[in-house]
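Worksheet: one structure, shown below.
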């Protein structure tokens, strides 16, 4: 049976070859899968909001850990990457407000897919850049 289109499966392509970062990314994946499962199965709004809040909280923690690593390793694009993190947090918080201000419907599904895509894009596009730098150091 094929995986659900909203589900993210961990693979080596998502690995940063850093145990701590990979563990945090796996937590992201688990939370995003939990969010989309809750939306698809039409769980209570409070449950969906709770999962989304955990995604925001984990994002703040994870981004802080990454940024500390950037400083330690003197990553030259630290400020640019920090701006991406700030933008992602703002986007996630806006999505929380949209969920809060609406009832279950197509918009929730679109939000779930948008969060999934933002996470995967950030890992595969943005995070791979700093990992390449760190591996060279």
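The values are calculated or read from the model by the stated rules, or taken from the named source; none is laboratory data. Predicted model, so just to flag it, every value in this text is computed and none were measured. Neighbour counts run over all protein chains shown; Cβ positions are idealised from the backbone, glycine included.
See the values below:
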| item | result |
| --- | --- |
| Conditions (1) more than 23 Å from residue 67 (Cβ to Cβ); (2) in contact (Cβ under 8 Å) with a residue 40 or more places away in the chain: number failed by residue 107 | (2) |
| Test: residue in the range 36-55 that is within 28 Å of residue 130 (Cα to Cα), out of contact with any helix residue (DSSP H, G or I) (no Cβ under 9 Å at 6 or more places or on another chain), exposed (fewer than 15 other Cβ atoms within 10 Å of the Cβ) and at pLDDT 90 or above | no |
| Test set (1) more than 19 Å from residue 22 (Cβ to Cβ); (2) modelled with pLDDT of 90 or more; (3) loosely packed, with under 14 Cβ neighbours inside 10 Å - residue 78 fails condition number | (3) |
